[in-house]
Amino acid sequence: MECLQLKTCLSPKVHFLIVEAGRSRKKMEEGVSSCLTSEGFIHWEQARCYLSEMTITDGYDYFLSCVESLSPVFFEVEEHLLSKQQKEIWMKHKIYLEWIPEPHLSAVEDSLNFLNSPNPSHHILALQLMSSILERTLGDVFENESSSQCPSLLKDILNSEEINQVFGKHVVSVQILRALMGPPTSLNLRNVVWHGFPNIGEIPRRYGCFLYLTLPSLGKILDEKGKGIQTHRQLMKLRLNVDNTCDIPDLIPQIPLVKELIEVTQPFHSRQALLQCSLELMAERRYTYAVALLLPQLEHILRLMFASVNNCSERVLTAESDTLYTTLDEIFEKYLPNGDVNKISEALGESLMDLLFDLMIYPEGPRVRDKVSHGEANLQDIPESLALAVLVAVVMVMWKCSKFTTSNENEFIKDLAIFESRYCSAFHPMSIIKQKIIQIVDIVAKLPDAMQYDETLSLKVLSPTFELCQEDREMFEEIQSVTEDWVLFICQDWDIQLTPEEINKCLFQVFSDGKAMIKLCLKEKLSTLYRFSANQQISQASNSHISGRTGACLLEIAGLLTRVLTELERMIVQVLSALRSRQEQLEKRLLRSRQRDNLVRLIRGCPFFHHCVHFVLLVCSWKLLTLNKQTGPKLLRFLKQLLQFVENLRTFTSSDKNKWTECVSLYREFIPKVKVTLSDLKNTPTSRK
């Protein structure tokens, strides 16, 4: 696939402001002395002299004047940091960095080393790290000074009254930071680097040096004012649950082949040095820094693909003051602003889109780009599994743009093709429901072994079957009869390659092990891309032909299923906990007569709890895999009844209730209602997506 190739992704004004402006090292006035204190911190009052005549605005011309006027300050800071011994500088600075979250300290020290490196990729990495740490730490200062929640945008934090009050007479520091990381009309360094716009060498190292020195210099102000931060907001530990995702290929041993792929990917020619650096960091197991460099490059190539396939080359450049630049949110939208279908999903394929959404979009996923770029992630704790997933995503996107094909004699590419064919989303709401169903069936499978005593409170004899008393057998058979009708209905409604007899045998006999059957029911790969998106919901609402046009939307059904499963899990966990606790007490002869009677009722109820959990799990599995069928308000009412039912079970099985007989009665009452509902659903029109 052909992608756009550009010499720069900085729009003309942004390019001039970042690359061309601010090159003068000359002092504005003869009387202006060093802008550094004798200890090597920023002398904010001296820096003020360069801005004293300026009226503060958000206009481009104002920030251009700031950059040009402050250029001697930036150059002086750069020369200072590069002329001193790093260890000496770090020891002076470290004592004034207590206002920074502790897990970020090592990244600050490493940034000093990166800035002193001859590798220009390291300079961009340092700028990324410094901007995200400054954003997070200034947000902590805001929250320590205010009862309000911290603004989500860095420019709003810098404009806030709280930040300006904290730094008082040194408010010029905030004014300078606005020039560096303020609105789009400023240098806007944080957004420019994290969204992947600059090439190597386009952002002068002096800006990264200044941001680095800003940290201890502001820390010194806070220390002198006794304004130490009392509490930091909790940093997130990013995780990628490997149990819920397909096996992520380990590309670290394949780095030489990845480098070869980079060389034949035309849109990445200007970014080769950055990618090579990220691969070196990955090979060194420095996952945080590798991920930090990879993420902007991933966004860059996705933006190029987006602009190419949708024929909108103008969307590749950084924003001007009157336009918005193209971010991942727009790149991944199903529709373009003009209503046309976004062709990016066709170019990438559904499986790769699923991986990208898992990593960066879905709320239950790691949202790695947002969390790392805004300083919300614990920078000491980016796991290998997540770093490998990001690397795989980058390589797969490059592969789509390269001359490599699966016909190449290259096992590395073939492995990627196999991985892509098998991948399905792990963090879409539907996928999470599926995982929860499997988790609960594994929990309820522990119930038979957890029963150490029979209903006479004698130690249970090992036997392949569990014998019910006559009364319980009759009740169980009554429930089974209705269950069989229900299973017949779902097999007719659900295109499942299983017979009602197979399902009944595996799920609804006394203590039948239903793990294999439930997992077999869920074996079908879920198609989740753009399911529950706002555009889809609007489309469904406008095209609904169900009675009263009040068809249950997919998102509401998924929400109900999630709540049902949450309550169901709590219920069976409570049953297991009560069973184990009471049996331990019985063994130690600590139960009174009434407690022994209660334990008997619990043991007699266990086969019904087991049957009930399988029933609810099969309902949820059926509905999850037939969400493309709309059955309107009747289905919605049924799911709400189901939710009410499991909520009551959870209440009755709580440690302060222990109403085991009432639970069985509740189940017996609910089952006939299901039969009535099924009769109604049969007569309800359905429609496919």
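Express the carbon and sulfur contribution to the solvent-accessible surface of the chain as a percent, rounded to the nearest whole number, probe 1.4 angstrom. Mind showing how you got there, number by number?
Values: 14370 of 29990 Å².
Percent of accessible area from carbon and sulfur atoms in the chain: 48.
Remark: for residue pairs Lys343/Lys371; Lys436/Lys523; Lys259/Lys400; Lys523/Lys623; Lys525/Lys629, the C-alpha separation exceeds 19 Å in Lys343/Lys371.
In the full protein context, the chain carries 44 Å² of accessible surface per residue, based on a 1.4 Å probe and ignoring ligands, DNA and RNA. When peptides 196-208, 415-427, 447-459 are ranked by their average number of other Cβ atoms within 10 Å per residue, the highest-first order is 196-208, 415-427, 447-459. Short-range pairs are left out: with C-alpha atoms under 8 Å and at least six residues apart, the relative contact order of the stretch 1-136 is 19 percent.
Across the stretch 226-238, coupling constants 3J(HN,Hα) worked out from phi with the 6.51/-1.76/1.60 Karplus curve, θ = phi - 60°, read x, 10, x, 6, 6, 9, 9, 5, 5, 7, 8, 8, 6 Hz, and Gly and Pro carry x. Taking amide hydrogens as placed 1.01 Å from N in the peptide plane, the amide H of Leu36 sits under 5 Å from those of His43, each at least 5 positions away in sequence or on another chain.
Straight distance only, please: which lysines reach the Cα of Lys92 with their own Cα at less than 24 Å, same-chain residues fewer than 8 apart left out? Hits, sequence-local ones excluded: Lys84, Lys169, Lys220, Lys225, Lys227. Classified by the C-alpha gyration tensor, the stretch 373-443 has an oblate form. Its axis ratio a/c, with a ≥ b ≥ c, is 1.5 or above, and a/b does not exceed b/c. For the stretch 302-406, the gyration tensor built on C-alpha atoms gives an oblate shape. Its axis ratio a/c (a ≥ b ≥ c) is at least 1.5, and a/b is not larger than b/c. Computed packing ranks the peptides 226-236, 150-160, 606-616, 170-180 as 606-616, 170-180, 150-160, 226-236, most packed first, by mean other Cβ atoms within 10 Å. Taking all Cα pairs closer than 8 Å and separated by 6 or more residues, the relative contact order of the stretch 386-506 comes to 8 percent.
Let a ≥ b ≥ c be the square roots of the eigenvalues of the Cα gyration tensor of the stretch 196-250; is it rounded (a/c under 1.5), or, if not, prolate (a/b larger than b/c) or oblate? Verdict is oblate for the stretch 196-250. Between amide H atoms placed 1.01 Å from N, distances below 5 Å from Tyr335 occur with Asn342, all of them 5 or more places distant or on a separate chain. Take 511-517, 277-283 and order them by the average number of nearby Cβ atoms within 10 Å per residue, most first; the result is 277-283, 511-517. The Cβ shell under 11 Å around Glu20 holds other residues with a net charge of 0, Lys and Arg each +1, Asp and Glu each -1. Dipole of the chain computed with +1 at Lys/Arg Cβ and -1 at Asp/Glu Cβ about the Cα centre; of Val510, Ser527, Pro204, farthest Cα towards the positive end is Val510. Met430 exposes around 0 Å² of accessible area when a 1.4 Å probe is run over every protein chain in place. Couplings 3J(HN,Hα) of the stretch 286-300, computed from phi: 9, 5, 4, 6, 4, 5, 4, 6, 6, 4, x, 5, 4, 5, 4 Hz, in residue order, whole Hz [Karplus 6.51 cos²θ - 1.76 cosθ + 1.60, θ = phi - 60°; x for Gly and Pro].
Relative contact order for the chain: what is it in percent, counting Cα pairs under 8 Å that are at least 6 residues apart?
13 percent
The values are calculated or read from the model by the stated rules, or taken from the named source; none is laboratory data. This is a predicted model, so every value here is computed, not measured. For neighbour counting, all protein chains shown are included, and Cβ atoms are generated from backbone atoms with ideal geometry for every residue, glycine included. With ligands, DNA and RNA removed, areas are computed over all heavy atoms of the protein, side chains included. Shrake-Rupley method; radii C 1.70, N 1.55, O 1.52, S 1.80 Å.
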